[in-house]
Amino acid sequence: MSPSPPTPRAADGIYLESVTLVRGGRPVFDGLTLALREPRIGLVGDNGAGKSSLFRLICGLEPPQQGRVLVHGCDTRTARRELPGRVGLMFQNPDDQIIFPTVAEELAFSLTAQGTPRKDARQQAQDFLAQRGLADWGPRAIGELSQGQRQQVCLLALQISRPATLLLDEPFASLDLPSQARLAAQLQRTPQQIIFSTHALAHVQDFDRVLWLEQGRLRADGPGREVCAAYAEDVRQRTVAHA
Ligand SMILES: Nc1ncnc2c1ncn2[C@@H]1O[C@H](COP(=O)(O)OP(=O)(O)O)[C@@H](O)[C@H]1O
Ligand SMILES: [Mg+2]
């Protein structure tokens, strides 16, 4: 995809400063420093490299044991109330994200989390769906939606809260080709900063910036074409070595 994203302002962005994160008793990141300001950033790397952990750090689900994470000027450890307006995460598995039994309730929750009164939130959720030709989705039971539809609910729940940065964790992983094309078009129309992880390198290779994580360290950080080519070549060499 070739997005036409907005120009970021200098004060915007995400900054990790000497971050150490321990999960399950083992360090995932050990002194990671990273500034993320580009409007589109891809994240690649093997399973277990730390992609999801990085997203969980940025959206405040995991506090760092050392260092700090600033999201558009907010420290994730202290600015709990401001954080939902600045960053939102779409989980890889929609069932890890969705809490409520209907689509309208799930979308409304994105707004009440930011302080919108419940009644207003329900109305805004319904209006939001109607603007997208999805008015009949409001009362639908989450349990009766397909995986792709549940994932779309997750993206809608993220978009309605309009965070400055959207983090998408392997958003294309379980989608069929039409759903992938639909999602790619939706992302292209999204004006906010988007950072997303993927194993489908074609989705990020035209980005100005792609990060390659390897065992919690930045193995490469640069233009999508170069980083994706280097990662693909590394995978090829490892495959040959173990064949
Ligand atoms: N739920 C968890 N509990 C404890 N440790 C975890 C958990 N999930 C991941 N980890 C650890 O974090 C490391 C990075 O995992 P993760 O961030 O999920 O990688 P990726 O998303 O790139 O596959 C893993 O090697 C694992 O040791
Ligand atoms: Mg992951």
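Brief remarks follow.
- Stokes-Einstein diffusion for segment 82-162 at 10 °C, viscosity 1.306 mPa s, with a Kirkwood radius from C-alpha pairs, works out to 128 µm²/s.
- Full extension of the chain between ARG118 and ASN93 gives 6.4 nm of extra length, using 0.36 nm per residue less the Cα-Cα distance.
- Annotation for segment 148-186 versus segment 190-242: alpha-carbon center distance of 20 Å.
- Under the Karplus curve 6.51 cos²θ - 1.76 cosθ + 1.60, θ = phi - 60°, whole-Hz ³J(HN,Hα) for segment 183-193, x wherever Gly or Pro sits: 5, 4, 5, 4, 5, 4, 7, 7, x, 7, 5
- Nearest 10 degrees, 0 to 90: helix 103-112 Cα axis against the chain principal axis: 80 degrees
- Counted residue by residue at 0.36 nm each, then reduced by the alpha carbon distance between them, the extension gain from VAL240 to ALA202 reaches 11.5 nm.
- Nearest-ten-degree value, helix 224-242 long axis tilted from longest Cα axis of the chain: 60 degrees
- Modelled spin labels at PHE100 and SER146, positioned 7 Å past Cα toward Cβ, are 2.5 nm from each other.
- FRET efficiency, ALA230 to ASP127 (Cβ-Cβ, R0 51 Å, nearest 0.05): 0.65
- Within a Gaussian network of the chain (alpha carbon springs, distance under 10 Å), most fluctuating of GLY25, GLY115, GLY50: GLY25
- In terms of the mean number of neighbouring beta-carbon atoms within 10 Å, the peptides 176-187, 123-134 order highest first as 123-134, 176-187.
- The antiparallel fraction among DSSP beta bridges confined to the chain stands at about 55%.
- Acute angle (nearest 10 degrees) that the helix 118-131 long axis makes with the longest principal axis of the chain, alpha-carbon atoms: 80 degrees
- Separation in nanometres of the label points that stand 7 Å from Cα toward Cβ, at ARG217 and LEU177: 4.0 nm
- Among 216-226, 61-71, 82-92, 231-241, sorting by the average number of other beta carbon atoms lying within 10 angstrom of each residue, highest first, gives 82-92, 61-71, 216-226, 231-241.
Each reported figure results from applying straightforward, stated rules to the coordinates on display, with no laboratory input. Remember, predicted model here, so these are calculated numbers, not experimental data. Here the Cβ is made from the backbone with ideal geometry for all residues, glycine too, and neighbour counts use every protein chain on show.
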